[in-house]
1. Throw me the Rg/Rh for segment 64-121, computed over C-alpha atoms with Kirkwood Rh, two decimals.
2. Return the percentage of antiparallel bridges among DSSP beta bridges fully within the chain, rounded to the nearest 5 %.
3. Long-range amide H contacts for ASN341: which residues qualify at under 5 Å (H placed 1.01 Å from N, peptide plane, sequence gap of 5 or more or a different chain)?
4. Rounded to the nearest 20 Debye, what is the dipole magnitude of the chain about its Cα centre when Lys and Arg each give +1 and Asp and Glu each give -1 at the C-beta?
5. Take the Cβ-Cβ distance between SER498 and PHE236 as r, set R0 to 60 Å, and report the resulting FRET efficiency rounded to the nearest 0.05.
6. Could you list the residues of segment 373-399 with an amide nitrogen less than 17 Å from a label point located 7 Å from the Cα of GLU430 in the Cα-to-C-beta direction?
7. How far apart, in nm, are the 7 Å Cα→Cβ label points at LEU45 and LEU104?
8. If I model a spin label at HIS199 and ASP285 as a point 7 Å from the Cα along the Cα→Cβ vector, what separation in nanometres do I get?
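What follows draws every value from the coordinates through simple rules; no lab data is involved. Bear in mind the structure is a predicted one, so any value in this text is a computation, not a measurement. Every residue, glycine among them, receives a Cβ derived from its backbone with ideal geometry; neighbour counts consider all protein chains shown.
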Amino acid sequence: MASLSTAFILLLVTVSASVSAALSASVIEDLKSLKPPHDFNTTILKNCQHNPSLRYCSSSPMDLDEIFKSTIVASHLCNESKNPNCVESFPKIDLQNNPKMAPLYLSFNFFWKYCPLSILAIDLSNNSLRSNFPVDVLQCTQIQALDMSHNNLFGDVPIESFSPLTNLTLLNLSYNHFSESKISDIPFFKRFNSSSFLHSGLLPDGKKFRIKAVLLLVGFPIFVILMVCCLGWLCFHRPDFLPRMLRPKHRFTPAMLKAATNGFSKKNLMGKSESVDIYQGTLRDGADVRIEIYRGERHPTLIEECKILVQLCHKNLVNVLGWCNNRRLKAIVTEWMEGENLEMWLMGSNITPWSHRLRILMGVVEGMCYLEEWPEVGYDLRTSSILLSNNLEPRISRFKIRDQSISRNRKMYKFGVLLLEMLLNRRPEEEFERGEAGFIEYIRMHYPGNLQKVIDQKMELTQNTFDQAKQAIGLGLMCTDALNNQQVSLGQVFDIMSRAYQSCRVLASHNHERLHSERGKGHQRMQSR
């Protein structure tokens, strides 16, 4: 300002006085309407000749409107900052505690662009400024003091823009919210002590660091403990939530079975006896299972037995999926079979032909042949323990491990009883006073000449199928005749049943072809008429 000519100073004072009131009210609108006087260009040129270091002298081409507005704002800001002699000097911009006017002056880019060289100190502290760092202020590269403390400035500090401020000896950026940076490692900022950056966010906060350290030292072990507890809970209670590779094979927990059966609801209870409850359940992977829960004392070899049973794999055996051997709950989990057991199928009102019964018997024999490879595995051949799939594929469902009382002769005896029971559709234990012995004796009384009275009429036998059924009854009696050493081996039974099964299939095929042929001839006769 000292470099301005006397004529221009008088003009500036006159213009400033005329617009000062307007600047206070709506300075942006008034500045837009102001135009420089006609001799303003001449005055600026004289000023540049007298002092070429003026900022506007280096701009090419000169924007007279911006330079004029800059001088108006400079005059007003000098008075606002309470400088003693604004006509002769403008050493300091003091907008401390002036939150209404400070943002206004910071918006005048043109003023900071042509910042008067006389300004040596800028104080914008305690104005609650909420923005990024006002970079335009740093265009006053000659300043010696800058105070931006006690505001709400945030973001990164423009470190590179500070480099030209070589005269800056006093800097205060305290009490702001800048992004943390290693400002103490930058050479320019090493000339200032930590008091210039208190609670600014630029320096690591010792208190926050201690809090983070405590949280890390305390929180991390707690996190690890919680993770270990969570994994432990998953491993011991719900391993089905773990990745497949981490799940224990064939082992079920009470929590898994409870979830699979909707809390052991009555809706899922399929059967109940003195020692076992049978539930239908759905595992987390969507597989339907049969869950046999044993009440009371269960033999202590449950796990050893199940470890063998889960290895069995045959189309005529129910797959054992695993076990639960918990102090509170003991159970065996097998696949769920849609359909009914053999006993229910025989007692039904529908016709159950010989070919279907023969197919079921053949499947049972195939399952028995497979179990010959597992001599330690015993099985129960009862109509109630043979499950049938929807396509009448039989599945042996009850097993017993290392039962020395179940010899091969005993297994053949049980198969013989099963065969006879299927052909007569009689319940030995329920209908005969001496049980199986009385049942077998009853059949021997009618074999072979009076079988028509004892064979199940729902088979609807023809002469050919009756002969096959008669031979099957003879085979059943041979299997149950252990006293006279006439009992056949499993291999012989397989051969006999295979031949009967193939013969039945051939007979069924011939009957089908004959029926088809007769229908064709009948159709031709109808056309000839």
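1. Taking Rh as the inverse mean 1/r over Cα pairs, Rg/Rh reads 0.94.
2. Restricted to the chain, the bridges split so that about 70 percent are antiparallel.
3. Close amide H contacts, sequence-distant or interchain: LEU388.
4. The calculation lands at about 1360 debye.
5. In this case the efficiency is close to 0.75.
6. So the set is 382-387.
7. 3.6
8. According to this spin-label approximation, the distance is 6.0 nm.
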